[in-house]
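These notes concern the structure reproduced below.
The values are calculated or read from the model by the stated rules, or taken from the named source; none is laboratory data. Since the structure is predicted, the reported quantities are computational estimates derived from the model, not experimental observations. When we count neighbours, we look across all protein chains shown, and the Cβ atoms used for this are built from the backbone with ideal geometry, even at glycine.
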Amino acid sequence: MVPLTVSDVTLTFGGLHALSKVNMEIKPGLITSIIGPNGAGKTSLLNCVSGFYHATKGEIKFGDRRLTHASPHQVSNLGIARAFQNLELFGGLSVLDNLLLARHQKLKYNLFQAIIYYGKTSRVEAENRAYVEEVIDFMELEPYRKSLVGNLSYGVQKRVEVARALTLAPSLLLLDEPMAGMNIEEKEDIVRFIIDIQKERDTTVVLVEHDLGVVMDISDQIYVLDFGEVIGSGTPGEVAANSKVIEAYIGEE
């Protein structure tokens with residue numbers, strides 16, 4: 001387990017500064033939350049980490065590996081997975097097939113071996129199937145394993161989205177608003193899964209979330225973004241007492 005370091009990262013789109021000299025150190029083994037008002041740059045930062053955007057300036061490192069100009073599949077191969085705010089699932093496939101498909105980059109065999117489907121190929125397929133089944137059990141998706149994702153409730157689909165990221169066996173999991181649009185019961189389930197992922201699977205979690213009650217309850221450290229800049233960081237108690245954070249969320253009298 002290694003830290004994720006964001007150093008002076010700036011992201012611009014023409015004259016728009018989505019991120020401006022952002023500095024963060026995501027410590028391994030912890031739950032780190034990134035919060036801020038809408039448009040603060042939270043998702044843009046996750047896009048830079050996961051390779052969907054490339055920072056205009058600055059550097060992103062995962063341990064000693066530079067991610068600044070890495071592609072999404074290169075980032076994924078380093079042990080970083082992401083669950084998206086907008087569901088990135090195949091609605092016409094079952095839960096099981098969605099998760100098996102997410103494991104495709106773990107299938108280490110060539111075309112000839114795939115054609116004869118014997119020896120190494122069948123062994124690798126079996127190992128990947130067993131891992132997916134373990135994730136299904138961990139995320140309590142067994143009742144839905146054969147169900148088409150598009151027919152499931154929104155809350156269950158969000159759980160499948162997290163499970164899809166877990167199938168990559170990440171050491172760093174990026175969660176972009178995993179509780180958006182959920183009712184209280186569904187939020188409680190996802191919170192429980194996030195804590196279990198951190199503790200039972202030894203996974204570093206980066207959480208982008210608007211529910212401040214959840215953030216304050218489960219986070220080890222918090223970074224606050226506003227207009228693309230970090231305006232506060234620290235423990236939940238330190239962030240809650242930060243005058244700049246209070247102003248950004250509540251406004252100045």
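A few comments on the model shown:
- Hits in the stretch 1-23 - residues which are of a type in the set (A, V, I, L, M, F, W, C), within 24 Å of Phe193 (Cβ to Cβ) and crowded, with 16+ Cβ neighbours inside 10 Å: Val2, Leu4
- Selected residue (criterion: modelled with the lowest pLDDT) from residues of the stretch 123-140 that are in a helix (DSSP H, G or I) and of a type in the set (A, V, I, L, M, F, W, C): Val124
- Filter pass, Ile31 being over 29 Å from Ala248 (Cα atoms) and either within 16 Å of the chain's Cα centre (by Cα) or of a type outside the set (D, E, K, R) (or both): no
- Selection from the stretch 34-74 of residues that are of a type in the set (D, E, K, R) and within 16 Å of the chain's Cα centre (by Cα): Lys42
- Looking only at the stretch 76-90, and only at residues there that are within 15 Å of Thr204 (Cα to Cα) and not basic (Lys, Arg), the one that is farthest from the chain's Cα centre (by Cα): Leu78
- Among the residues making up the stretch 78-122, those that are in a helix (DSSP H, G or I) and at pLDDT 90 or above are Val95, Leu96, Asp97, Asn98, Leu99.
- Test: residue in the stretch 179-194 that is under 23 Å from Phe62 (Cβ atoms) and out of contact with any helix residue (DSSP H, G or I) (no Cβ under 7 Å at 6 or more places or on another chain): no
- Residues that are over 13 Å from Ile35 (Cα atoms) and crowded, with 18+ Cβ neighbours inside 10 Å occur in the stretch 204-217; there is at least one.
- Any hit, the stretch 51-64, residues being of a type in the set (S, T, N, Q) and either closer than 24 Å to His210 by Cα or in contact with an Asp or Glu (Cβ under 8 Å, 6 or more places away or on another chain) (or both): no
- Test: residue in the stretch 17-38 that is over 25 Å from Ser219 (Cα atoms), out of contact with any strand residue (DSSP E or B) (no Cβ under 6 Å at 6 or more places or on another chain) and either charged (D, E, K, R) or in a strand (DSSP E or B) (or both): yes
- Here Ser153 meets the list (1) under 15 Å from the mean Cα position of the chain (by Cα); (2) modelled with pLDDT under 95; (3) among the hydroxyl-bearing types (Ser, Thr, Tyr) almost entirely, failing just condition (1).
- Tally of residues being among the small types (Gly, Ala, Ser) and surrounded by fewer than 14 Cβ atoms within 10 Å (Cβ to Cβ) across the stretch 29-62: 1
- Top-ranked residue in the stretch 181-202 [being in contact (Cβ under 8 Å) with a residue 40 or more places away in the chain and of a type in the set (Val, Ile, Thr); ranked as surrounded by the fewest Cβ atoms within 10 Å (Cβ to Cβ)]: Ile195
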